[in-house]
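Working notes for the structure below.
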Amino acid sequence: MSIFLVRHAKAGKRSQWDNDDSLRPLDEVGRRQALALADRLSEYNPVALVSSPAVRCRETLEPLAERCGLVVASEPKLYEELPYEIALDYVLGVADRTVLCSHGDVIPALLDALVRRGMTIEGMRDTRKASVWVLHKDGNDFTSAEVWAPPSLA
């Protein structure tokens, strides 16, 4: 059993965005990354798509939602700058084949917490935008994880 933890695709620079940061959308590269992620993740027949409320996270999963006939649910517990325990409590209860989308501060903290609970990480860590962590479970326990590098757009 596995769940998929996606870092949102490339969005415009925070420093160049004048509005509420939660409204910052994907840029052109990010939209292409989202399409490539949909191609790869749709092969795993996701059962649910859950995103941080940030627009850039929701937009990362929208092409996958369209491809799989699913709706992207919003989950405030996956939003950035919250204590990792909030996201961890949520992630521990998600169903197999759920795809989650979150942020560059949340994902490393979640991985560290799961390692402290006994999960092993195979290979190098990568939390670049549009990277995907595949978290493997045995029952309720996360046992191992590996990362997919961001999609190549060549």
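The values are calculated or read from the model by the stated rules, or taken from the named source; none is laboratory data. Here the structure is a predicted model, which means the values were calculated and not measured. Positions of Cβ are backbone-derived with ideal geometry, glycine not excepted, and every protein chain shown enters the neighbour counts.
I want to confirm something. Restricting to the range 74-87 and keeping residues that are hydrophobic (A, V, I, L, M, F, W, C) and over 13 Å from the mean Cα position of the chain (by Cα), which single residue is modelled with the highest pLDDT?
Ile86
Within the range 56-72, count every residue that is within 13 Å of the chain's Cα centre (by Cα) and not charged (D, E, K, R).
Residues in the range 56-72 being within 13 Å of the chain's Cα centre (by Cα) and not charged (D, E, K, R): 5 in total.
I'm trying to understand the selection: among the residues of the range 35-61, which are in contact with a Gly (Cβ under 9 Å, 6 or more places away or on another chain) and of a type in the set (Asp, Glu)?
Glu59
Failed condition for Asp112, given (1) within 24 Å of Gly30 (Cα to Cα); (2) more than 13 Å from the chain's Cα centre (by Cα), with all others met?
Looking at each condition in turn, Asp112 falls short on (1).
Please count how many residues of the range 40-51 are closer than 17 Å to Val134 by Cβ and in contact with a helix residue (DSSP H, G or I) (Cβ under 8 Å, 6 or more places away or on another chain).
Total meeting the criteria: 6.
Would you be able to say whether some residue in the range 37-54 is in contact with a strand residue (DSSP E or B) (Cβ under 9 Å, 6 or more places away or on another chain) and among the acidic types (Asp, Glu)?
Checking the range 37-54: not a single residue is in contact with a strand residue (DSSP E or B) (Cβ under 9 Å, 6 or more places away or on another chain) and among the acidic types (Asp, Glu).
Scan the range 32-48 and give yes if some residue there is more than 15 Å from the chain's Cα centre (by Cα), buried (at least 19 other Cβ atoms within 10 Å of the Cβ) and not in a loop (DSSP other than H, G, I, E, B), otherwise no.
no
Residue pairs, Cβ under 6 Å, 6 or more apart or interchain, first in the range 137-154 and surrounded by 19 or more Cβ atoms within 10 Å (Cβ to Cβ), second among the hydroxyl-bearing types (Ser, Thr, Tyr). List them.
From the range 137-154, the pairs are Val147/Ser131; Pro150/Ser131.
Hey, Leu114 hits all of (1) free of Cβ contacts under 8 Å to residues at least 60 places away in the same chain; (2) farther than 18 Å from Leu37 by Cα; (3) in a loop (DSSP other than H, G, I, E, B) but one; which does it fall short on?
Here Leu114 clears every test but (3).
Say whether the condition of being more than 18 Å from Ala11 (Cβ to Cβ), touching a residue at least 60 places away in the same chain (Cβ under 8 Å) and in a helix (DSSP H, G or I) is met by at least one residue in the range 85-94.
yes
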